[in-house]
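S.K.: Sharing a structure here in structure tokens format.
The values are calculated or read from the model by the stated rules, or taken from the named source; none is laboratory data. Not measured: the values here are computed from a predicted model. All Cβ positions, even for glycine, are placed from backbone atoms using ideal geometry, and neighbour counts span all protein chains on display. In case anyone asks, the SASA skips ligands and DNA or RNA and just uses the protein heavy atoms, side chains included. Shrake-Rupley method; radii C 1.70, N 1.55, O 1.52, S 1.80 Å.
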Amino acid sequence: MSGSLFLAETQAFLKALASETRQQIMQEFATGAALTVGEIAERCGIGQSTASEQLTILRQGGLVTLTRAGKQVRYRADPSRISDQLEVLGDFLARCCPPTGAGDS
């Protein structure tokens, strides 16, 4: 993965996780549920337009996917991409910021 692509994907991932509202939305997907914008809005106590905006950011960050069935759009967490991003981020942090004593001899 090129450095700039890594940076863009990692920034989008971290941005998606940076909001308390988006964290709350992600909690709604913890059971594997597939939810509509309206269901997310109701469960999180936010407007539908806000829910839609937040889901777009989560999608751009690779945390959720969507499926369409006619006019209905359902969102769900994307565990595979989340896991991949966490692994990449962990590798990056281990290289740039190794734990104290991890290279000391």
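S.K.: What's the number of the condition residue 24 fails, among (1) open to solvent by less than 80 Å² (accessible area, probe 1.4 Å); (2) polar (S, T, N, Q); (3) within 22 Å of residue 8 (Cα to Cα)?
M.R.: Status for residue 24: all satisfied but (3).
S.K.: Which ones in segment 27-42 are in contact with a Lys or Arg (Cβ under 7 Å, 6 or more places away or on another chain) and among the hydroxyl-bearing types (Ser, Thr, Tyr)?
M.R.: The one that is in contact with a Lys or Arg (Cβ under 7 Å, 6 or more places away or on another chain) and among the hydroxyl-bearing types (Ser, Thr, Tyr): 36.
S.K.: Within segment 52-91, count every residue that is open to solvent by less than 30 Å² (accessible area, probe 1.4 Å), out of contact with any Asp or Glu (no Cβ under 7 Å at 6 or more places or on another chain), under 13 Å from residue 13 (Cβ atoms) and without any contact (Cβ under 8 Å) to a residue 40 or more places away in the chain.
M.R.: Residues in segment 52-91 being open to solvent by less than 30 Å² (accessible area, probe 1.4 Å), out of contact with any Asp or Glu (no Cβ under 7 Å at 6 or more places or on another chain), under 13 Å from residue 13 (Cβ atoms) and without any contact (Cβ under 8 Å) to a residue 40 or more places away in the chain: 1 in total.
S.K.: Taking the stated definitions as given, is residue 14 buried (at least 17 other Cβ atoms within 10 Å of the Cβ) and touching a residue at least 40 places away in the same chain (Cβ under 8 Å)? It would help to see each step written out before you state the result.
M.R.: Numbers: buried (at least 17 other Cβ atoms within 10 Å of the Cβ): no; touching a residue at least 40 places away in the same chain (Cβ under 8 Å): yes.
Here the answer is no, as residue 14 does not meet what is asked.
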